[in-house]
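A.B. asks: There's a structure below that I have some questions on.
The values are calculated or read from the model by the stated rules, or taken from the named source; none is laboratory data. In this text the structure is predicted, and so the values were computed from the model without any measurement. Counting neighbours? That spans all protein chains shown, and the Cβs are built from the backbone with ideal geometry, glycine included. Keep in mind that these areas ignore ligands, DNA and RNA; they rest on the heavy atoms of the full protein, side chains included. Shrake-Rupley method; radii C 1.70, N 1.55, O 1.52, S 1.80 Å.
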Amino acid sequence: MTVSAADAADREVPDVFDPRGYADGLPHAAFRLLRDRYPVAWQEEPEVLGWPAGPGFWAVTRHQDVVRVLKDARTFSSHLGATQIRDPDPADLPFIRRMMLNQDPPDHGRLRRSVSRAFTPRQVDRFGAVIRERARALLSEAVATARAGDGVGDLVTAVTDDFALLNLADLLGVPAADRGLLLDWTRRVIGYQDPDEAGPATTGPDGRPANPRSPALLQDMFGFARELAAHKRRHPGDDVMTVLASDPELATPELEMFFFLLTIAGNDTVRSAAPGGLLALAHHPDAYRRLRAGAVGMATAVEELLRWHPPVLSFRRTAAHDTDLAGRTVRAGDKVVVFHGSANYDERVFADPHRLDLARSANPHVSFGDGPHVCLGAHLARLQLRVLYEETCRLLPALAVAGPPQRLVSNFINGLKSLPLRLVDTPGEV
């Protein structure tokens, strides 16, 4: 990619690549400047946190352009360079392309149909009662612990991490003794840019970071997936892994990649969205009171909380051929990165986007993506979020932030590592 003289002169173009820039929340001022003046802006990709420099990419920040990129798989490919901003090792690319997320139609459609049988609304809704019982139990335990202490509880470690993890484990059919592995794998893959989250397994022998999505670092997960699939063939259950293991058209490498995708994406979508929604409600007590009073429908509120705190910050595509995007000439092979957190606050689509409006009726947020890769588990994610917020409203008369939340250092996932909330006024009181 050769940057034009006009691009070089755009010295006020802000950096939205550095993952450290998201540690304080969405960079709204930077996104607004990009949307208004440089809706498709060239971004440098310097070395950050030990990760090597890359060739740069186009940042797409307006809602209309984000939707176009996500819908037009022929022009903006998921297959050519996969879907992470950072280029994978060329030797790993054939392996990474096995995953449905990193494929284009028609191959993507075949795999999506294979797993979609396990994600019909009817099948997902069967989990409703279990999900509600789990939310109620986790929240009640967090309140009891807070009551016995200083009245404060960390909703991430006490509620939302386990809520997302245990729901996913039920859906997949993972035995209770092995469920902690799902969270370990998620933190390894999702938190690789965050020094607090990345463990020894993500450091190579040369001391530089190793790609947690590389074949070498996924062997333990894939071995578990093969063993679980073999168990499900012998002892079928009413779960996703039984569906996948019994599919004669699904090759073993494809099944392994499905397990990886469902474990990571299925866990972290809710794991990131749930505390983000609770934090938004804590910062807007009037909105929370209206929600508790039933003045706002919960389904509508869930959509606004997803718009406000999208769990995924960005996704990458690669231009399959030369094209024009918002007046910029994008060349074949260029990286094109859409920013969900910017599109969700685009004033051209959302009236007064920085006002939390739980009754917002026209809400075409892109928190679950769009086009052929729209989130397969969106119905399940919405169900979990709705139930969790309903139980929170039932149990907690008010939400108040008791300390600064800690956010994930990432330009991919809009995660929270901790969310201290005051759950009871004083020890001994509700």
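A.B. asks: State which residue is nearest to P14 (Cα to Cα) when the search covers only region 36-95 and only residues that are among the acidic types (D, E) and open to solvent by 30 Å² or more (accessible area, probe 1.4 Å). Please lay out each step first, then the result.
C.D. replies: Our first condition is that a residue be among the acidic types (D, E); within region 36-95, this holds for 36, 44-45, 47, 65, 72, 87, 89, 92.
Pick out the ones that are also open to solvent by 30 Å² or more (accessible area, probe 1.4 Å) and you get 36, 44, 47, 72, 87, 89.
Details: D36: 12, E44: 10, E47: 17, D72: 27, D87: 22, D89: 28 Å.
Residue satisfying both the conditions and the ranking: E44.
A.B. asks: Something else about it: Can you find a residue in region 36-51 that is at pLDDT 95 or above, part of a helix (DSSP H, G or I) and over 23 Å from D334 (Cα atoms)?
C.D. replies: No, the conditions are met nowhere in region 36-51.
A.B. asks: Counting just the residues of region 145-168 that are in contact with a strand residue (DSSP E or B) (Cβ under 8 Å, 6 or more places away or on another chain) and surrounded by fewer than 19 Cβ atoms within 10 Å (Cβ to Cβ), which one comes out nearest to D238 (Cα to Cα)?
C.D. replies: Restricting to residues being in contact with a strand residue (DSSP E or B) (Cβ under 8 Å, 6 or more places away or on another chain) and surrounded by fewer than 19 Cβ atoms within 10 Å (Cβ to Cβ), the top hit is T157.
A.B. asks: Within region 301-311, can one find any residue that is among the basic types (K, R) and farther than 29 Å from D104 by Cα?
C.D. replies: For region 301-311, residues among the basic types (K, R) and farther than 29 Å from D104 by Cα: absent.
A.B. asks: Filter region 52-65 for residues that are of a type outside the set (S, T, N, Q) and either under 21 Å from D87 (Cβ atoms) or not in a helix (DSSP H, G or I) (or both) and give the result. Don't jump to the end; show me each part of the working.
C.D. replies: First pass over region 52-65, keeping only residues of a type outside the set (S, T, N, Q): 52-60, 62-63, 65.
Listed by number, the residues that qualify are P52, A53, G54, P55, G56, F57, W58, A59, V60, R62.
A.B. asks: Still on this structure, please answer the following. Got a number for residues in region 124-139 being open to solvent by less than 60 Å² (accessible area, probe 1.4 Å) and in contact with a helix residue (DSSP H, G or I) (Cβ under 7 Å, 6 or more places away or on another chain)? Outline the logic, then answer.
C.D. replies: The initial filter retains those residues of region 124-139 that are open to solvent by less than 60 Å² (accessible area, probe 1.4 Å), namely 124, 127-128, 131, 134-135, 137-139.
After this cut, where a residue has to be in contact with a helix residue (DSSP H, G or I) (Cβ under 7 Å, 6 or more places away or on another chain) as well, the list is 124, 127-128, 131, 134-135, 138-139.
Residues in region 124-139 being open to solvent by less than 60 Å² (accessible area, probe 1.4 Å) and in contact with a helix residue (DSSP H, G or I) (Cβ under 7 Å, 6 or more places away or on another chain): 8 in total.
A.B. asks: I'd like the full set of residues that are in contact with a Ser or Thr (Cβ under 9 Å, 6 or more places away or on another chain) and without any contact (Cβ under 8 Å) to a residue 12 or more places away in the chain, limited to region 300-331.
C.D. replies: D322, T329
A.B. asks: Turning to a different aspect of this structure: Scanning region 293-313 for residues that are of a type outside the set (D, E) and out of contact with any helix residue (DSSP H, G or I) (no Cβ under 8 Å at 6 or more places or on another chain), which turns out most open to solvent (accessible area, probe 1.4 Å)? Outline the logic, then answer.
C.D. replies: First, the residues of region 293-313 that are of a type outside the set (D, E): 293-302, 305-313.
With the extra rule that they be out of contact with any helix residue (DSSP H, G or I) (no Cβ under 8 Å at 6 or more places or on another chain), the set shrinks to 293-295, 297, 300, 307.
On the way: A293: 83, G294: 58, A295: 64, G297: 42, T300: 51, R307: 0 Å².
In this case the residue turns out to be A293.
A.B. asks: Same structure again: Being hydrophobic (A, V, I, L, M, F, W, C), out of contact with any helix residue (DSSP H, G or I) (no Cβ under 9 Å at 6 or more places or on another chain) and surrounded by fewer than 22 Cβ atoms within 10 Å (Cβ to Cβ) is the filter here; which residues of region 320-331 pass it? I'd like the intermediate steps shown before the answer.
C.D. replies: The first filter runs over region 320-331 and keeps only residues hydrophobic (A, V, I, L, M, F, W, C), leaving 320, 325-326, 330.
When the remaining residues are screened for being out of contact with any helix residue (DSSP H, G or I) (no Cβ under 9 Å at 6 or more places or on another chain), the result is 320, 330.
Selection gives A320 alone.
A.B. asks: Also: Scan region 166-181 and give yes if some residue there is at pLDDT 85 or above and more than 22 Å from L261 (Cβ to Cβ), otherwise no.
C.D. replies: Looking for residues that are at pLDDT 85 or above and more than 22 Å from L261 (Cβ to Cβ), one finds at least one in region 166-181, hence yes.
A.B. asks: Has region 310-317 got any residue that is in contact with a strand residue (DSSP E or B) (Cβ under 7 Å, 6 or more places away or on another chain) and farther than 24 Å from R407 by Cβ?
C.D. replies: Among the residues of region 310-317, at least one is in contact with a strand residue (DSSP E or B) (Cβ under 7 Å, 6 or more places away or on another chain) and farther than 24 Å from R407 by Cβ, which makes the answer yes.
A.B. asks: Among residues belonging to region 332-387 that are more than 18 Å from W308 (Cα to Cα) and touching a Ser or Thr at 6+ places or on another chain (Cβ under 8 Å), point out the one that is surrounded by the fewest Cβ atoms within 10 Å (Cβ to Cβ).
C.D. replies: G333
A.B. asks: What residue, among those in region 244-292 that are touching a helix residue (DSSP H, G or I) at 6+ places or on another chain (Cβ under 9 Å) and free of Cβ contacts under 8 Å to residues at least 24 places away in the same chain, is farthest from G25 (Cα to Cα)?
C.D. replies: S246
A.B. asks: Identify all residues within region 172-183 that are touching a helix residue (DSSP H, G or I) at 6+ places or on another chain (Cβ under 9 Å), open to solvent by 10 Å² or more (accessible area, probe 1.4 Å) and part of a helix (DSSP H, G or I); write none if there are none. Before you say what the answer is, go through the steps one by one.
C.D. replies: To start, the set of residues in region 172-183 that are touching a helix residue (DSSP H, G or I) at 6+ places or on another chain (Cβ under 9 Å) comprises 172-176, 178-183.
Next cut, open to solvent by 10 Å² or more (accessible area, probe 1.4 Å) only: 173, 175-176, 178-181, 183.
Selection gives A176, D178, R179, G180, L181, L183.
A.B. asks: Just give me the residues in region 349-386 being part of a helix (DSSP H, G or I) and either among the polar types (S, T, N, Q) or in contact (Cβ under 8 Å) with a residue 40 or more places away in the chain (or both), in sequence order. First the steps, then the outcome.
C.D. replies: Residues of region 349-386 that are part of a helix (DSSP H, G or I), as a first pass: 371-373, 378-386.
Matches in region 349-386: G371, P372, H373, H379, L380, A381, R382, L383, Q384, L385, R386.
A.B. asks: Any idea which of (1) open to solvent by less than 30 Å² (accessible area, probe 1.4 Å); (2) out of contact with any strand residue (DSSP E or B) (no Cβ under 7 Å at 6 or more places or on another chain); (3) among the hydrophobic types (A, V, I, L, M, F, W, C) is the one A142 doesn't satisfy?
C.D. replies: Result: A142 fails condition (2) only.
A.B. asks: Here is a further query. Residues in region 226-244 that are closer than 14 Å to L111 by Cα and either open to solvent by 20 Å² or more (accessible area, probe 1.4 Å) or in contact with a Pro (Cβ under 8 Å, 6 or more places away or on another chain) (or both): how many?
C.D. replies: Adding up the residues that qualify gives 1.
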